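One structure below.
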Amino acid sequence: MTWVITRLCRDCVDKSCVDVCPVECIYEYKGDDREAFPNQLYIQPEECIDCGACEPECPWEAIYEDASVPEIFQEDTALNANMMDCQDDFEVPVNEGTEQPTPEQVAENKAKWGLTA
């Protein structure tokens with residue numbers, strides 16, 4: 001089992017999860033193909049030790065255990081795995097601190113991507 005960062009992170013990129021990952025398996029894409037790898041964080045599935053420390057740290061509620069990824073975000077599991085094909089274009093980011101979203105912003109982001117309660 002591994003954890004997956006879904007598109008709820010897309011263009012929100014908080015990086016709080018990076019600080020708590022004991023194996024530094026959370027990456028940011030630094031390449032040029034933004035169509036293939038949008039602006040979000042990714043978990044390298046072969047490096048993830050399934051500790052779950054990242055999930056409660058994400059203020060956007062974008063991280064799920066792979067078996068629990070909502071149906072609407074199933075392709076995000078493959079997207080995280082695809083990073084292994086071009087690992088050199090990814091690096092572990094530094095959390096420079098960001099303002100935490102409000103509950104309303106989190107709800108709006110979920111609605112934007114079609115996730116309903």
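None of the figures in this text is laboratory data; all of them are computed from the coordinates on show. Quantities reported herein were computed from a predicted structural model and do not represent experimental measurements. No Cβ is skipped: glycine too gets one built from the backbone with ideal geometry, and neighbour counts run over all protein chains shown.
Observations, loosely collected:
- Taking other Cβ atoms within 10 Å as a rough exposure proxy, I5, I43, I49 sort from fewest to most as I49, I43, I5.
- Note on the chain: GNM, Cα springs under 10 Å; of C12, C51, C86, the largest mean-square fluctuation is that of C86.
- Partner lysines whose Cα lies under 17 Å from the Cα of K30, excluding those fewer than 8 positions away in the same chain, are identified as K15.
- Cα gyration tensor shape for region 59-117, rounded if a/c is under 1.5, else prolate or oblate: oblate
- 10 Å Cβ shell holding at most 12 others, DSSP loop, trypsin sites (Lys or Arg not before Pro): longest site-free stretch of the chain: 35-117
- Taking the chain as a Gaussian network of alpha-carbon nodes connected by springs under 10 Å, the highest mean-square fluctuation of the residues D89, D32, D66 belongs to D32.
- Relative to the longest principal axis of the Cα atoms of the chain, the long axis of helix 103-112 makes an angle of roughly 70 degrees.
- Ranked list, fewest to most other Cβ atoms within 10 Å of each Cβ, for T6, T77, T116, T102: T116, T102, T77, T6
- Positive-end extreme of charge dipole, region 3-112 - chosen from V92, C12, F37 (charges on Cβ): C12
- Measuring nothing but how far apart in sequence close Cα pairs (under 8 Å, 6+ apart) lie, relative to its length, region 3-112 scores a relative contact order of 41 percent.
- For K110, the aspartates and glutamates whose Cα comes closer than 15 Å to its Cα, not counting residues fewer than 8 places off in the same chain, are D11, E61, E71, D76.
- Length gained on full extension, E35 to D88: 17.4 nm, using 0.36 nm per residue less the C-alpha separation.
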